Structures are given as C-alpha cells and as structure tokens.
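As structure tokens, the structure follows; a few thoughts come after it.
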C-alpha cells in the first residue's frame, strides 16, 4: 500500500511539474556504425532549449528492427511515443495496420505548410524518397535521413591490380573483370554484409540494377523473388563466391566487412552511404566510392528512415510531435545531421545552404551518394515485411554458403513469402465483390 | 482485489494452524504479509500463463474475426521452421548439457580440496557466470570475427586458416554451443562442489579400509551420493537450454539460414517479427509442456535411483 502511495505521489509530482510543457518522447534507432546516439541527444537538447512549451526525451531504441518492435509494444500498451524515426520501409506496414496516423490534415493545418496537399508537401523531398513516405496517396512518413548502397573501393588495391581508380567499374561485366584482377591471396575482391536486413537491401539493389522491380511498389501483397531479374542477381552473387571466388563464402556481418576493408583484406565493399562518415574516420589509406554497378539500368533502393506519429497520441501531443518533426527535417538540422552521419539529407533545400556546398566540395564521396539518388527507387515494403524479407534472406544465405542453387532457394523463398502475405492478400486483392 | 480474495486458498494450511491459537487478527496479518507476493505472483506469473493458453487457442487473421480452435497448433506442426528450431534445440541441448556437466563434475572433483591454488582456479572457472550472457555474446562477436578476431588470430599461429565461425551454417550452432558451455560450466561446478562437501568422509574412509581404490570409491560412493545434485543441475541445465536466447539474438539472429534458430527464438520471431501471437503462444505451450514433462520424468527417475542406491 505504501508503495502504491509513493507511486501515486511520484506520478503527481511528475505530471504536475510537466504541466507547463507538453511531454514527448522520440524513439530513435542507430542503424549504422558511429557516434549517432550522442549527436541525437545534442540535437534534442537544442530543440528543448528553443521550444519551451515542449519537452522531448530522446529514447535510443536499438536497430531499425528493435525500434519497430518497441514502438509496436508501446502502441499496444497504450503509451505510444510522440514520434518515431522509423525504418522507411516499415511505414507501409504501419499504414496498413492503422498504427501510424495519416499526416494530411496536420500538414494542411500546419503553420509552415498551410493548405498544402500531400503531393505539394512531398515536393520538398527528393523524388525517390516519396514512394516509401506515402501509402495510397496519403502521407504517413516524413523522410529524415536516407541512404543508398554504394561501392567503396581502395585506391591502393586498384593501383596494385593495374586498374584506374578514376574509372571504377560501372557495369556488371566491368565489375566482375575488376574483381578478378583485385582478388589476391589475403585480399578478397568484394565483401558485403550478409546478415538480416542488410542482405535483403543489397540483393534488392542488384535485382533492380538487373532491370527488376523486386516488389510491388504500389501494393504491399506481392514480391518477385522468382523473377529472372532477382534470380539473375542471386546467381551473380553465387558465381562471385563459387565460380570466380572473389568473395568469401558464408555470411559476413557489417563489422567483419568494414574491418576487412580497413585492413586491406578486401579491395571493395558494398555498404550504405550512411556509413560514409564512419569509413572516412577509420580508413587509413585512400578510398573512393562509386555507384552500385549496373547490368541493365543504374538503380539502387533507398534506405534510411522517416519520422512517423503513432496512433493513440492526443491532439495536443500530435501538434507538439509535428513541431518536432518539422524542426528535425528543416534544411538546417537535416543538413547538419547529413554532414555528421554521411546519410544524405532528404530536404532538397538543404543542399542550397552554403555549409552543404562547402561540404560537398570537400567530400566528393558524399557527392557520389547524392548523384546516385537520381537513379534511386523505393525500398522493399510489404505487409509482414520482416518475415517476407527474411524468407528471401534465408534463401540467399543458403546460396552464400553453397547449400542451395539460386533457382531452388528463390523458389522456396517465394513460397514462404506468399504464405506470410496470404492473410493480407485474402483481405485485399482477392477480396472480390459479392 | 480479486488477487487478495484468492490468496486464502493457497495459504490455507498456515493460517488455520495459527488461527486455532489466536483467532482472526493474526490470520489477517498473515494474509496481509503474503498479499504483496501473491499479487505479483498472480499478475506476473499466473495471469500471463492463462493469457498464453488463451492466445494459443485464439485463431485470428488479418482484419478477420477471431474464433476458438486448434488452428494455431495445426499451423505450428506444419511449419518447417518450427521443426528446424526443435531439431536445433535438441542438438544444442545435447551439445551443451553433456559437456558442461561432465566438465563441471571433473573440475569439482579435481578442485574439491581447498588450497590456495584450487581456490584461484575455482574462481577462474566460475568467472564466466558473473558475466551477463548478452555482454558475453557481444564480446564473442568480436572474438569470432573471421581473420581479425582473437580466435582466428591465435589459430593462425598453429596454421589454421580463417574461419567464418558465425557466418557458416555448419559452424554457427557449434560456436553458440561453445560459448554456452564456457558460460555455464562454472555455475554447475559450484553445485557439484557443494554436493561433494556434503558427502560424509567416514563413508569414503570405510571404503578405503575395505580396500576400494580411488576409481571404485568414486563410482560406488561419490557418484551415487551426488544423485540429488545431478538431478537438480540437470533440471537447471534443461531450463537454460530453453530459456537462454540472448546470445542467439546478439550473435546470429537465428541465421544463417535458420541454422541457429531455437525454440525461444522461434517464439520471439513469430510474436515480434511476424506479429503472429497465436502461433507464438502455441509454440510456447508446446515447448513449456515438453520441458515440464521432461523435468518431471527426470526428477522422478533420478530420485528413484537415489533411494535405491542409498
């Protein structure tokens, strides 16, 4: 009983002292290596100092997948965070399940965005980012930081192999030719992370560069794992490991890949633009970055995160959350975060700022990342996206380890993905008029 | 309130004895003292158990109506990933319980005499149990790093090439088993040390006088008398096999290709990645039921053995 009294008293004290300002929590993930969490804390302190009527607590919630899990749990417990920096490809699922609120009316009534339609509002962001932020014409996410996969390569390794570091391979044929020259005892041609989440992203990029779509950007109930473009991409990886032997067998995680790159044990790696700053800080020898090589077209999926406002927040908290979302995605803040992390800023206007122009001039690698954005596509998003993605990743991991052929692995993956999508498909595409 | 009103049933014996002497006030005091634990026990142990049972029998699809049935269990037994998790868990159980128990017993017997050296060695062997599993797993991620990691660094001196300890489906479960044995052996050793200390010295002396050699004394006296300790440690080890999942989450996420997926991780995935509470609950009911049955059987048979021998 005494405990209960003490708890009640504490609650009263907390709520009492907070009456003046709206209390808000922001869930944020740190998906790439680096000191991102400290910088986020600093930003939120800056926000709190300039917005006396709102008090935001930044809550570090782990990886993208962990953040998703914690947000769901908080929503179900009836205590949703005010805003969440959510992996951009989860936004569709939040929209489908009604777990995030559509932002259309908040946008139309917002001080800065008065009277704007969803499409007008989205005009402030790079076109490739709009696909994952909207669902069925409504805005559910506001892009915060974004990335694409890049090819990082060691200048020394290129010179050593007699390749011109100024002209990195652009097509798959040039890529494979280069990798076979770069491969030496003690140095692999290429490595990329084969762990869950990262692997699906890289494979979808290769499938898109092979002319494919990989998933249905307009409808969350379909994936194309057995399409020739996907099977071709997985076969390329299989051959890199088992035919040309320019990549180590089995699954490597991001730490293993970057460590190998820093130590010169791999000549190239495929990694997110979000890791640009981390690589810049740790790589001791010269390196450069280039587009993901193409087979039929230049293409790469976007990655990164959007801000969402979960359901279950009071109108007062929604308004405060919108203020925070607007502030975090303003050209100044988004630009600063971009320079700190290596992610590119989703706001087009951020690149008109003098700091950003100087930064791009000093860091040509960041410029390459921005240039690739012109060819970027939406990020793989479906109903039950983690499970549907894992079905494919399990298949590719079997290929990486030499335990399955690309065709068999992808057929199995398609079957499992369809079983996971089935409940949604039955209630949508297959729910026909009576 | 409902919690308080149900407590009398679970504690009916003690208050009735006391009430005979002093009547109501003491009984109330007893209920009052037990109530806080009862509330927590009901709210955080029994109520979730009931919820899981209900959840396992509730069948619900996307936007569909929920109804009762055994559909979740039917789906569970048809799921190849579940079968895979069961198989992995059995390999993991055999791979961790047998070596850690044998090692723990060996260390306990070897270090049962208290000297300065043996105390230091005991402390060293028991050390891993002080490290939280999640922290140990995070450290081992770096130790297992191919080529650059500590393990490969030292193995290179004996001419072994780089190994992808966690990224090769045929190695990953073995790596997980290895850190579990490292982590648990010291803990089990402590129980065996306590068990050895409880064996009366005169029994061993009598056997010595009768001409039994060291091996005979160990096999005929020490081992049988350690029976209760064995059954206890075995139950603890069985529980660990099912309830420890931190290292899987940190090191492999069940991969590559499901090679390290185990029952609790499967349950976690269904509940939190696929949001399939029905399937997760059914898997929980099946695995806890199996573990419960196994514990009862092993306790019974070991206890029978003990009574027979002593």
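The values are calculated or read from the model by the stated rules, or taken from the named source; none is laboratory data. Remember, it's a predicted structure, so these values are computed and weren't measured experimentally. Neighbour counts are summed over all protein chains in view; Cβ atoms, including those assigned to glycine, are modelled from backbone coordinates with ideal geometry.
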Residue that is nearest to residue A:236 (Cα to Cα) [pool: residues in segment A:412-434 that are more than 12 Å from every other protein chain (Cβ to nearest Cβ) and under 26 Å from the mean Cα position of the chain (by Cα)]: A:414
Residue count for segment A:282-309, restricted to those that are free of Cβ contacts under 8 Å to residues at least 24 places away in the same chain and either under 30 Å from residue A:325 (Cβ atoms) or under 16 Å from the mean Cα position of the chain (by Cα) (or both): 0
Given (1) modelled with pLDDT of 90 or more; (2) more than 14 Å from chain A (Cβ to nearest Cβ), index of the condition residue B:67 fails: (1)
Odd one out for residue B:45 among (1) out of contact with any helix residue (DSSP H, G or I) (no Cβ under 9 Å at 6 or more places or on another chain); (2) closer than 30 Å to residue B:191 by Cβ; (3) within 14 Å of chain A (Cβ to nearest Cβ): (3)
Residue within segment A:205-220 that is modelled with pLDDT under 95, surrounded by 21 or more Cβ atoms within 10 Å (Cβ to Cβ) and either in a helix (DSSP H, G or I) or within 14 Å of chain B (Cβ to nearest Cβ) (or both) present: yes
Condition check for residue A:240: in contact with a helix residue (DSSP H, G or I) (Cβ under 6 Å, 6 or more places away or on another chain), modelled with pLDDT of 95 or more and on the phi < 0 side of the Ramachandran plot: no
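A quick yes/no check of all residues on (1) touching a residue at least 12 places away in the same chain (Cβ under 8 Å); (2) within 14 Å of chain B (Cβ to nearest Cβ):
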residue	(1), (2)
A:134	yes, no
A:140	yes, no
A:149	yes, no
A:157	yes, no
A:162	yes, no
A:173	no, no
A:194	yes, yes
A:202	yes, no
Subset of segment B:28-68 [more than 31 Å from the chain's Cα centre (by Cα) and within 26 Å of residue A:424 (Cα to Cα)]: B:60, B:61, B:62, B:63, B:64, B:65, B:66, B:67, B:68
Residues satisfying the stated conditions in segment A:100-120, i.e. crowded, with 20+ Cβ neighbours inside 10 Å and either modelled with pLDDT of 95 or more or more than 19 Å from residue A:328 (Cα to Cα) (or both): A:100, A:101, A:103
Matching entry among B:259, B:282 (being closer than 27 Å to residue B:46 by Cα and at pLDDT 90 or above): B:282
Some residue of segment A:121-141 being crowded, with 16+ Cβ neighbours inside 10 Å and farther than 30 Å from residue A:352 by Cβ: no
Residue B:76 vs. criteria within 14 Å of chain A (Cβ to nearest Cβ), touching a helix residue (DSSP H, G or I) at 6+ places or on another chain (Cβ under 8 Å), surrounded by 16 or more Cβ atoms within 10 Å (Cβ to Cβ) and touching a residue at least 24 places away in the same chain (Cβ under 8 Å): yes
Elements of type helices (runs of 4 or more DSSP H) contained in segment A:224-304, each with 3 or more residues being more than 14 Å from chain B (Cβ to nearest Cβ): A:228-242, A:276-282
Residue within segment B:260-273 that is assigned by TED's automatic domain parsing to the domain that holds residue B:86, over 30 Å from residue B:71 (Cβ atoms) and buried (at least 21 other Cβ atoms within 10 Å of the Cβ) present: no
Matching entry among B:141, B:177 (being surrounded by 14 or more Cβ atoms within 10 Å (Cβ to Cβ), within 21 Å of the chain's Cα centre (by Cα) and in contact (Cβ under 8 Å) with a residue 40 or more places away in the chain): B:177
Filter result for the condition that a residue is touching a helix residue (DSSP H, G or I) at 6+ places or on another chain (Cβ under 6 Å) and more than 30 Å from residue A:235 (Cβ to Cβ), over A:299, A:320, A:305: A:305
Breaking point among (1) within 19 Å of residue A:134 (Cα to Cα); (2) out of contact with any helix residue (DSSP H, G or I) (no Cβ under 8 Å at 6 or more places or on another chain), for residue A:358: (1)
Residue B:159 being free of Cβ contacts under 8 Å to residues at least 24 places away in the same chain, under 29 Å from residue A:398 (Cα atoms) and away from chain A (no Cβ under 14 Å): yes
Flag if residue A:396 is within 14 Å of another protein chain (Cβ to nearest Cβ), assigned to a helix (DSSP H, G or I) and at pLDDT 95 or above: yes
Qualifying residue in segment A:355-363 (condition: over 23 Å from the mean Cα position of the chain (by Cα) and outside the structural domain of residue A:21 (by TED's automatic domain parsing)): no
Count - residues of segment A:32-54 that are at pLDDT 90 or above and buried (at least 18 other Cβ atoms within 10 Å of the Cβ): 5
